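Below is one structure, written out as structure tokens; comments come after it.
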Amino acid sequence: MKRLNIVLVEPQIPQNTGNISRTCAVTGAALHLVKPYGFEISDRQLKRAGLDYWDKLEVYEYENLDEFFNRTSGEYFFFTTKAKNVYTEIDYPDNAYIIFGREDKGLPEDLLYKNKESCVRIPMRKDLRSLNLSNSVAVAVYEILRQWDFPDLTREGSLTKYIW
């Protein structure tokens, strides 16, 4: 299976991180968390949002962005409202890292400036700030998985009382 990596840089809201961890678990994506966090990993709200999937995750933690970049390799894509490239116009390779910033600040602008061609955005109305972080991650993850033809994911469900 191709490898997809979701990176959260300094996440602040435990419910978002919990929801994203659940998205990682059901899609097989690895979760990379860059400190500092706005909560404790043992936070009750974080666990409530993704508790029954937390043990199914591949999770990595880093003290800061420098450590993250020193310990990882692959292609990096920076999701930001400040980008000019649209996320659907990118062909995501195996071992792609999709990187998201803090809910209140996004990613550091010096990082974005140095990586202009790898910065992508989800289109939205001009006069509104942004989508919720966990929604943005889900949109990005499923676009990448669609491009990859949903490897190793179940494509059909079944009813409990009836047969299709």
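The values are calculated or read from the model by the stated rules, or taken from the named source; none is laboratory data. In this text the structure is predicted, and so the values were computed from the model without any measurement. Positions of Cβ are generated from backbone atoms using ideal geometry, with glycine treated the same way; all protein chains shown enter the neighbour counts.
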Regarding segment 85-94, can at least one residue be identified that is touching a strand residue (DSSP E or B) at 6+ places or on another chain (Cβ under 6 Å), among the polar types (S, T, N, Q) and over 30 Å from SER42 (Cα atoms)? yes
Would you pick out the residues in segment 9-45 that are surrounded by fewer than 17 Cβ atoms within 10 Å (Cβ to Cβ) and part of a helix (DSSP H, G or I)? VAL26, ARG44, GLN45
Does segment 104-130 hold any residues that are buried (at least 19 other Cβ atoms within 10 Å of the Cβ) and either at pLDDT below 95 or in contact with an Asp or Glu (Cβ under 9 Å, 6 or more places away or on another chain) (or both), and which are they? VAL120
Take segment 76-98 and flag every residue that is surrounded by 14 or more Cβ atoms within 10 Å (Cβ to Cβ) and assigned to a strand (DSSP E or B). TYR76, PHE77, PHE78, PHE79, ASN85, ALA96, TYR97, ILE98
Restricting segment 46-63 to residues that are out of contact with any His (no Cβ under 9 Å at 6 or more places or on another chain) and modelled with pLDDT of 65 or more, which is surrounded by the fewest Cβ atoms within 10 Å (Cβ to Cβ)? ASP55
The lone exception for PHE68 - which of (1) part of a strand (DSSP E or B); (2) of a type outside the set (S, T, N, Q); (3) more than 12 Å from ILE6 (Cβ to Cβ); (4) in contact with a His (Cβ under 9 Å, 6 or more places away or on another chain) it fails: (1)
Please state which one of ASP152, ASP94 is modelled with pLDDT under 95 and either out of contact with any Ser or Thr (no Cβ under 7 Å at 6 or more places or on another chain) or of a type in the set (Phe, Trp, Tyr) (or both). ASP152
